[in-house]
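> Sharing a structure with you now.
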Amino acid sequence: MNTIVQKKICLLGDFGVGKTSLIRRFVEGRFNEKYLTTIGVNISRKTIERSYGLMSMLIWDLAGSTGFDSFTNPSYMQGTAGAVIVCDITRRDTLIIMAEYARQARIINPKIHLVFVCNKTDLLDRRVISAEDLSDLSSTFGDGSYFLSSAKTGERVEDVFSSLAGKIDAGDR
Amino acid sequence: MPHKKQKLAQFEARVVQLINEWHRLAYTYVDADLRIAQISPNFPSELTDADLTRPGISLGEAFGEFVGMEDVLHDILRGERSLFQIERVNRIQADGSIRYLSFRVVPLDVQKPSAGLLVIVEDVTSSGLIEHSLVQNRNELRFVQDALAHANADLDKRVEQRTAELAEAKQQIEKQLVRMQALRLNDLAILGTTDLRVALKTIADQTRKHLRMDVVSVLLFNPYSLRFENAVVAGAQTSEIQSAWIRMGETVIGRAAFERQTLIFPDVSQEPQLELVGKSEGFLSCFALPLIAKGKIVGVMYLGHRSIFQPNQDWLDFLESLAGQAAMAIESIKAFEDLQRSNFELALAYSRTIEGWSRALDLRDMQTKDHTSRVTELTLKLAHLVGMNEIEIMHVKHGALLHDIGKMGIPDAILLKDDYLSDEEWEIMRRHPAYAYEMLSPVEYLRPALDIPYCHHEKWDGTGYPRGLAGEQIPLAARLFAVVDVWDALRSNRPYRKGWNEDQVREYIRSQSGTHFDPYAVDLFLRLLDEMDKEQMDQRAV
Ligand SMILES: Nc1nc2c(ncn2[C@@H]2O[C@H](COP(=O)(O)OP(=O)(O)OP(=O)(O)O)[C@@H](O)[C@H]2O)c(=O)[nH]1
Ligand SMILES: [Mg+2]
């Protein structure tokens, strides 16, 4: 019952979609309105309970894209069990970038587990990405499911990470 | 030599030390099992939470960045790769500030890579901070651009929405305008004609056009037969509606009238009980509106369509307006027709009366037979020639028939005297135009006919009676009549003389032109006589 598995996961997505904020909410339970961009990589750890024991998540927060040709360095994705790909519900372009991340992640690692997240749902009045768009994208690169989250309110944030953990576990079995 | 070598080694060590210090480099040696074997003396302990001195600690345990990277590291150990690099690894300091590190992994011995790996850790915070501020600025700028684009799109959308609203409003107004024009056209048709069928045809056509119906008919209620009969129908292909003869309360038409309400059947197939009118037309929907004027049913407007049609309120409102016009047309034109009929009857009664008086006068006056009718006929011909209108001609006719009505006031002893009249008698005799005036002027209907009875004894040169009018002071009708009257008198036999022949009379009349008669009237009259002579000759020739 004291099994501990260590898993590396990545957060991918366009700049400013809330990757760092989702991790901070998940790991520290905090949120900051102020935008501080991430360059390079920032690793956080969080251990979650699983039916078989514990999963120690090594969460890679990567710099957001700076354009179409500057996606994540493929070697950073080495040994990654799963990725959370994030878009921003108020910016349509981030959906297109999301699709590109999904495509590249699948090329680098065909077995990678993906969870699609549309973040900032507390800004629903500025919504420009529809449910149809999201389920369409998720069906193309995943199982058709996706999360509508808010790092600000914490809505569905835990679910995002436990869903990914569940997929990883299921894949390992 | 060894001394030289020693010197060089000492020199190299110094260079390495300086480079280490300046670039803040630290390094560890990792064995082929990826465990840390040795760390450089200057290795900053705050770079990791792990205890690097613990024997057998793995690289992954020391630096989380290497978890999962085993494959890449083994590639280097196998000599398949010469360098692995992780750039700008973030380390959050206790004060919240970020340190940026760069990890570089190379073989310790290029000749024998399996011997182990050298992990060089460089502190790149200063260049990292510069890069961070550049990226931060760029991303913030993009956020602003995004927000602007969003606001722009929002504006565009609102403009589009407003434009659409305006276009819709414009369309509505245009529709209303077209409908108002249709209603106006109907009004003009009602005002411009006294023929009910013409007005109703216009309304039916307009209704059919603007409500896009296949067939529109208006049926009138006949109060004698108590049936609805078709007055006009537009768009029909069969004679079913044309020949409709419908009792109150029967069929969809009679029901609308009986119930006094608009009946709407958008889909007649849903109404098995419906007594449809226009089956032969293939109607799939129909509409019947009672036409009510002053509370009375005057007819029904009936519309049929050859497909299913669900009207909206707008359509129904317009239909009500059109039906209202049809009812108004029926009401006002019927009223006009009634008035016209009673007017006509009145005029007929007057004419008969006037003719009766005229005959009575002739009898009393013992005028030569048909004098009055002859002069009347000739005077009317002249009136036509001078271009009088229908009504003026009617008054001329009445005036001619009654030209001697004033003689009713002259005693028989004078009027019928065979002998020459004395001056006093003449005096009385010459009063007859004034008597005519007294008699006729109170009768409004006959007042316009007074010109001849009152003025036919006036003379062009002003020597006539009763008022001594001259020239164009004398009404035209009287000037024309005077010539005709004298001509007929001279042509007729009298107890004391024989009638003159035509040439004599013509000559006499011509001689009086400009004194007794208006020269223009004389010319016209003589030309008329020529014309008539010619006609007679032509007839005889035939
Ligand atoms: N309202 C709202 N704001 C959010 C949410 N998540 C993140 N933000 C804000 O969005 C901005 C960007 O958030 P980050 O978490 O830094 O985004 P990131 O994806 O890590 O950005 P990069 O590191 O530049 O790629 C910050 O100002 C956050 O406060 C959210 O759920 N709701
Ligand atoms: Mg970030």
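> Using mean Cβ contacts within 10 Å as the protection proxy, how do B:6-15, B:251-260, B:527-536 order, highest first?
B:251-260, B:527-536, B:6-15
> Ok, one more. With both partners inside the range A:3-172, how many of the DSSP beta bridges are antiparallel, as a percent to the nearest 5?
Counting DSSP beta bridges with both partners in the range A:3-172, the antiparallel share is about 30 percent.
> For the range B:422-458 and the range B:317-371, what is the separation of their C-alpha centers, rounded to whole Å?
28 Å
> Contact order normalised by length for chain B, with contacts defined as Cα pairs under 8 Å and 6 or more residues apart; what percent is it?
Once normalised by length, the contact order is 6 percent.
> About the Cα centre of chain B, what is the dipole size in debye to 20, counting +1 per Lys and Arg Cβ and -1 per Asp and Glu Cβ, all else neutral?
Rounded to the nearest 20 debye, it is 760 debye.
> Cross-link candidates for B:Lys334: which lysines have Cα within less than 20 Å, leaving aside residues fewer than 8 places away along the same chain?
Hits, sequence-local ones excluded: B:Lys201, B:Lys294, B:Lys296.
> Also: How high is the relative contact order of the range B:239-350? Use alpha-carbon pairs under 8 Å, at least six apart in sequence, and give a whole percent.
21 percent
> I would also like to ask the following. To the nearest 10 degrees, how steeply does helix B:313-365 sit against the main Cα axis of chain B, on a 0 to 90 scale?
Between the helix axis and the principal axis of chain B, the angle is about 10 degrees.
> Kindly identify the range B:1-120 as rounded, prolate or oblate by the Cα gyration tensor criterion: order the square roots of the eigenvalues as a ≥ b ≥ c, call it rounded if a/c is under 1.5, otherwise compare a/b with b/c, prolate if a/b is larger, else oblate.
Since a/c reaches 1.5 but b/c is at least a/b, the shape of the range B:1-120 is classed as oblate.
> May I pose another question? Under the definition of partner shielding as Cβ atoms of other protein chains within 10 Å of a residue Cβ, what is the mean value for peptide B:56-66?
Mean shielding by partner chains, rounded to a whole number: 2.
> With an 8 Å cut-off on Cα pairs and a minimum separation of 6 or more residues, tell me the relative contact order of the range B:365-541 in percent.
Relative contact order here is 19 percent.
> Using alpha carbons only, how many degrees (0 to 90, rounded to 10) separate the axis of helix A:131-141 from the longest principal axis of chain A?
50 degrees
> Let me ask something additional. Can you work out the accessible area per residue across the protein assembly as shown, with the rest of the protein chains kept in place, probe 1.4 Å, in square angstrom?
So the protein assembly as shown comes to 54 Å² accessible per residue, rounded to a whole number.
> Buried accessible area between B and A (1.4 Å probe, both chains summed, ligands and nucleic acids excluded), in Å² to the nearest 100?
2300 Å²
> Give, ordered by residue number, each residue of the range B:111-134 whose 1.4 Å probe accessible area is reduced by a minimum of 30 Å² on adding the remaining protein chains to the chain alone.
B:His132
> Further question on the same structure: I'd like the carbon and sulfur percentage of the solvent accessible area for the range B:2-123, probe radius 1.4 Å, heavy atoms only, ligands and nucleic acids excluded.
Using a 1.4 Å probe with all protein chains present, the range B:2-123 comes out at 53 percent carbon and sulfur.
> Counting only protein heavy atoms and using a 1.4 Å probe, what share of the accessible area of the range A:3-172 belongs to carbon plus sulfur, as a whole percent?
So the carbon and sulfur contribution to the accessible surface is 49 percent.
> Using Cα atoms only, what is the angle between the long axis of helix B:2-23 and the major principal axis of chain B, expressed in degrees (0 to 90) to the nearest 10?
Between the helix axis and the principal axis of chain B, the angle is about 30 degrees.
> With viscosity set to 1.567 mPa s at 4 °C, what whole-number translational diffusion coefficient in µm²/s follows for the protein assembly as shown from Stokes-Einstein and a Kirkwood radius over Cα pairs?
34 µm²/s
> Now a separate question. Going highest first, how would you order B:141-151, B:198-208, B:225-235 by mean Cβ packing within 10 Å?
B:198-208, B:225-235, B:141-151
> If packing is taken as the average number of other Cβ atoms within 10 Å across a peptide's residues, how do B:118-129, B:263-274, A:52-63 rank, most packed first?
Going by the mean number of other Cβ atoms within 10 Å, highest first, we get A:52-63, B:118-129, B:263-274.
> In the range B:425-527, carbon and sulfur make up what percent of the accessible area (probe 1.4 Å)?
The nonpolar share, carbon plus sulfur, comes to 49 percent.
> To check you understand DSSP bridge types, tell me what percent of the beta bridges within the protein assembly as shown (both residues inside) are antiparallel, rounded to 5.
Roughly 70 percent of the beta bridges in the protein assembly as shown run antiparallel, per DSSP.
> In this model, which of A:Lys8/A:Lys120; A:Lys152/B:Lys157; A:Lys167/B:Lys157; B:Lys381/B:Lys407; B:Lys5/B:Lys112 are farther than 31 Å apart at the alpha-carbon?
The pairs that break the limit, which is 31 Å between Cα atoms, are A:Lys167/B:Lys157.
> Please give the average number of partner chain Cβ atoms lying within 10 Å of the Cβ of each residue in A:33-42, rounded to a whole number.
6
> Give me the inter-chain shielding for B:140-147: mean count of other chain Cβ atoms within 10 Å, whole number please.
Taking all residues of B:140-147 together, the mean is 3.
> Shifting gears a bit: Classify the range A:3-172 as rounded, prolate or oblate, taking a ≥ b ≥ c as the square roots of the eigenvalues of its Cα gyration tensor: rounded when a/c is under 1.5, otherwise prolate if a/b is larger than b/c and oblate if not.
The shape class here is rounded.
The values are calculated or read from the model by the stated rules, or taken from the named source; none is laboratory data. Fair warning: this is a prediction, and the values are worked out from it, not measured in the lab. No Cβ is skipped: glycine too gets one built from the backbone with ideal geometry, and neighbour counts run over all protein chains shown. Only protein heavy atoms, including side chains, enter the accessible area calculation; ligands, DNA and RNA are left aside. Shrake-Rupley method; radii C 1.70, N 1.55, O 1.52, S 1.80 Å.
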